[in-house]
1. Report whether or not residue 155 is within 20 Å of the chain's Cα centre (by Cα) and not assigned by TED's automatic domain parsing to the domain that holds residue 105.
2. Residue 152 - would you say it is in contact with a strand residue (DSSP E or B) (Cβ under 6 Å, 6 or more places away or on another chain) and assigned to a helix (DSSP H, G or I)?
3. Looking at this structure, is residue 108 modelled with pLDDT of 95 or more, in contact with a strand residue (DSSP E or B) (Cβ under 8 Å, 6 or more places away or on another chain) and surrounded by 16 or more Cβ atoms within 10 Å (Cβ to Cβ)?
4. Quick check, is residue 181 in a strand (DSSP E or B) and in contact with a helix residue (DSSP H, G or I) (Cβ under 8 Å, 6 or more places away or on another chain)?
5. Go through region 136-162 and give me each residue that's under 19 Å from residue 119 (Cα atoms) and surrounded by fewer than 15 Cβ atoms within 10 Å (Cβ to Cβ).
6. Which condition number in (1) surrounded by 15 or more Cβ atoms within 10 Å (Cβ to Cβ); (2) under 29 Å from residue 173 (Cβ atoms) is the one that residue 57 fails?
7. Just to be sure before I move on: is residue 114 free of Cβ contacts under 8 Å to residues at least 12 places away in the same chain, in a loop (DSSP other than H, G, I, E, B) and surrounded by fewer than 20 Cβ atoms within 10 Å (Cβ to Cβ) in the structure I sent?
8. Just the residues that are touching a helix residue (DSSP H, G or I) at 6+ places or on another chain (Cβ under 9 Å), modelled with pLDDT of 95 or more and closer than 30 Å to residue 5 by Cβ, please, taken from region 51-75.
């Protein structure tokens, strides 16, 4: 990944990213090859998976035990993931029954660093006539998550693709007896599978 891609993704200046990359490289978490980009080292990958685990378990805990809605947990988890101990994370995992996914359907790495990725395809690519399960919702904007929830489209929901309009990329889906038309952006954010979650 290039440093300019990181800067664009994080909405940071190129010099800020260069400084961060240098510090992470000095700590052995990144390998930086000038003009070619950066990649995680093995310790960097372990640290990244550990942080992903913390974040997603906190999201699951906030929804399950503290009554947060899935559209409000991301920012709260961002704040908490740096403040809680590993012991607390382990206890949250135990209280939740060691879930494999967070409220958005994103996989939660195990304590050992294993992550089970379901084979998912965007709803917009599901053939007409097929019934699939929404496995993940690849969206973090609260207002968009609220809209998606208002349509009843959350992980675990089964949908059937009824029709596709090739000109506008609009997809008509059936959720039970309700039919809805989904635009291309939402169709790409709803990741589906035929496989059940572990």
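The values are calculated or read from the model by the stated rules, or taken from the named source; none is laboratory data. What you are looking at is a predicted structure, and each value in this text was computed from that prediction instead of being measured. Neighbour counts run over all protein chains shown; Cβ positions are idealised from the backbone, glycine included.
1. Values: within 20 Å of the chain's Cα centre (by Cα): yes; not assigned by TED's automatic domain parsing to the domain that holds residue 105: yes.
Spelling it out, residue 155 is indeed within 20 Å of the chain's Cα centre (by Cα) and not assigned by TED's automatic domain parsing to the domain that holds residue 105.
2. Details: in contact with a strand residue (DSSP E or B) (Cβ under 6 Å, 6 or more places away or on another chain): yes; assigned to a helix (DSSP H, G or I): no.
Judged against the criteria, residue 152 is not a match.
3. Values: modelled with pLDDT of 95 or more: yes; in contact with a strand residue (DSSP E or B) (Cβ under 8 Å, 6 or more places away or on another chain): yes; surrounded by 16 or more Cβ atoms within 10 Å (Cβ to Cβ): yes.
Answer is yes for this residue.
4. Details: in a strand (DSSP E or B): yes; in contact with a helix residue (DSSP H, G or I) (Cβ under 8 Å, 6 or more places away or on another chain): no.
Against the criterion (in a strand (DSSP E or B) and in contact with a helix residue (DSSP H, G or I) (Cβ under 8 Å, 6 or more places away or on another chain)), residue 181 does not qualify.
5. Going residue by residue through region 136-162, those that are under 19 Å from residue 119 (Cα atoms) are 136-139, 153-161.
Matches in region 136-162: 138, 156, 158.
6. Answer for residue 57: the failing condition is (2).
7. Details: free of Cβ contacts under 8 Å to residues at least 12 places away in the same chain: yes; in a loop (DSSP other than H, G, I, E, B): yes; surrounded by fewer than 20 Cβ atoms within 10 Å (Cβ to Cβ): yes.
The answer is yes for residue 114.
8. Scanning region 51-75 gives 53, 54, 55, 56, 57, 58, 59, 60.
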